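Here is the structure we will look at, set down as C-alpha cells.
The values are calculated or read from the model by the stated rules, or taken from the named source; none is laboratory data. Quick caveat: nothing in here was measured; it's all calculated off a predicted structure. Cβ sites come from the backbone with ideal geometry, for glycine too, and all protein chains shown count toward neighbours. Only protein heavy atoms, including side chains, enter the accessible area calculation; ligands, DNA and RNA are left aside. Shrake-Rupley method; radii C 1.70, N 1.55, O 1.52, S 1.80 Å.
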Amino acid sequence: METPKSNGASLVQAGDGPGGSWRSEPEEDIRDVLKAGGRSWRPENTSESPDILLNQSGRNGRSAALCYGRKWSHVHMVSDSEGDDFEDASEFGVDESEIFGMGCTGTRKSPMMPDNVENEGDALLHFTAEFSSRYGDCHPVFFIGSLEAAFQEAFYGKARDRKLLAIYLHHDDSVLANVFCSQMLCAESIVSYLSQNFISWAWDVTKESNRARLLTICTRHFGSVVAQTIRTYKTDQFPLFLIVMGKRSSNEVLNVIQGNTTVDELMMRLMAAMEIFGAQQQEDIRDEDEREAREMVKREQDEAYRLSLEADRAKREAQEREMAEQVRQEQIRKEQEEEREAIRLSLEQALPPEPEEEIAEPISKLRIRTPSGEFLERRFLGSCKLQVLFDFVASKGYPREEFKLLTTFPRRNVTQLDPNRSLKEAKLFPQETLFLEAKE
C-alpha cells in the first residue's frame, strides 16, 4: 500500500489494516510533548504558514495551532483534569516564542510603530504600512492623523454624517495579537462594517514610550478614568478595541472589546454599539433639523428686515435727494430772479425820461398788452431807437430773449428788426398797439 504525503512530512499509519488512519511524524512528536502534560489530542488539519495562530482563547483555550518548523498542525487539547494547569512549554524544551509568538519564521518583524513617535500622522502611516505587510490589504482603513483630528472627522460634522470612532490598541507581545488581526480585524464582514459606520484609529502600545503617550492622549480627551482603565489591562488582554461615541458635552466610551473574541461576537458588539449610536444620531438629527428650521426662519426674518431697512433707506435717500434738488432749483431760481431783477433795475435806470406831450419833437405813443392781459403805455420820441423800446419792455419783466413783441395788423415780429432802427423807421409812429408773446 502506497504511503500518502502530508505537507512535505512522511506519514505513518495508526492502527492495523487498511482502515487505519494516517498521521505525520511531526504529529507524533507533538503527541509526545502533550502527553507529558497529561493531555490527549487529535489533529484537525495541516497547512503552511509563516506565523503561528492561536485560536480564540489563546494558550489557555481548548485548541491551539502549533508550528513545527514551517508546518502547521491545529491541535485540540483536552485536559484530563479541568483543574490542572498546563505546564509551561519551556519545561519540555520548547521555546514559547515558537508556539505562541512569531518565532516560526526565524526572523523578527519590524514594530508596528517606531519608539518615541513625535508625529501621530507619521506614526499612523507607519502602522498602516506594517499592518498591510503582515496581514494583507484587506483591513480597516485607519485614519491618518491625530486622535483629535479623528474626533473632528467622526463627531463634529452634520448629524447625518457622524460616525462612531473605533480605536484599535495593538500590542505585539500579546499572544492574541496575530489571531485578532488576521482572523477578526481582517475579516471582510468586519472590514466592510467598520468602513460604513466607523472612523478607525489605531495605536501600538508595545513600546512603553508609545503607551505613555496614548495614556496622556486618553486623559486629555476622555478623562483619567478611561486612561486608568487602559493602564490596568495586562499584555495578554490586548489587543483592545474601544468604541467611542461623541456627545454634546463629552466623548463616551461605549465598549471595550478585548482580543479573546470571535468574529461573530465582535460583529454583535459592533452592531450593539451602532444601535445605541443610531438612537442618539436620530435624536441629534431631529435636533439639528429643528435648529436649522429655526435658523432658516430667523435668516428669512433677518433678510426681510434687511430688505425693509434697505427699502426705507433708499426711500429716505430718494427723499433727501429730491429735497436737495428742490433746494438747489430754488436756489437757482432765486439767483436767476435776483439776476433778472438786477438787470431790470439797471435797464430801468438807463431808460431816457419819458417825453412830455407838449414838446415840439415828434412823439410816438405805444400801448403794449402783456401775456397777463395788462397794458403798458409810454411815450417815446419818434427818433428813439428800437433798443429803447426793448429795454423798456425788459424793465417790466419781459426780456427780449424770452418774449416776442408783435404788431396787431399787419402782424409783425418787431423783436426781429434791427434794434438801431428808429420807431419812425419801424413804422411805430405816431401810435401803435403791440402785444407780448412768450417764445416757444
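A few remarks follow.
- Dipole orientation for region 323-439: of the candidates Thr415, Ser372, Ser395, Thr415 has the Cα lying most toward the positive pole (charges on Cβ; Lys, Arg +1; Asp, Glu -1).
- From the Kirkwood radius over Cα pairs of region 106-260, Stokes-Einstein at 4 °C and 1.567 mPa s returns a whole-number translational diffusion coefficient of 82 µm²/s.
- Think of region 286-403 as a dipole: +1 on every Lys or Arg Cβ, -1 on every Asp or Glu Cβ, centred on the Cα centre; then among Ser346, Ala318, Ile359, Ile359 lies furthest on the positive end.
- Whichever lysines have a C-alpha closer than 16 Å to that of Lys109, once near sequence neighbours (fewer than 8 apart) are set aside: Lys207
- Full-extension gain in nm, Thr235 to His221, via 0.36 nm per residue minus C-alpha separation: 2.7 nm
- Where the Cα pairs of region 329-392 fall when distances are cut into 10 Å bins, in %: 18, 38, 30, 11, 3, 0
- Within straight-line cross-link reach of Lys365, lysines at Cα separation under 21 Å, skipping those fewer than 8 residues along the same chain: Lys385, Lys396, Lys404, Lys424, Lys427
- Rg then Dmax, both in Å and based on the Cα atoms of region 184-223: 13.5, 34.
- Shown for region 240-281 is the translational diffusion coefficient from the Stokes-Einstein equation, using the Kirkwood radius over Cα pairs, a temperature of 37 °C and a viscosity of 0.692 mPa s: 301 µm²/s.
- Values of log10 I(q)/I(0), in the order q = 0.18, 0.20 Å⁻¹, for region 204-263 under a Debye, Cα-only, solvent-free model: -0.67, -0.81
- Å² of accessible area per residue within region 237-322, as computed with a 1.4 Å probe and no ligands counted: 64
- In summary, the convex hull built on the alpha carbon positions of region 287-327 has an orientation-averaged projected area of 2.2 nm².
- Rolling a 1.4 angstrom probe over region 331-440 with all protein chains present gives an accessible area of which 48% lies on carbon and sulfur atoms.
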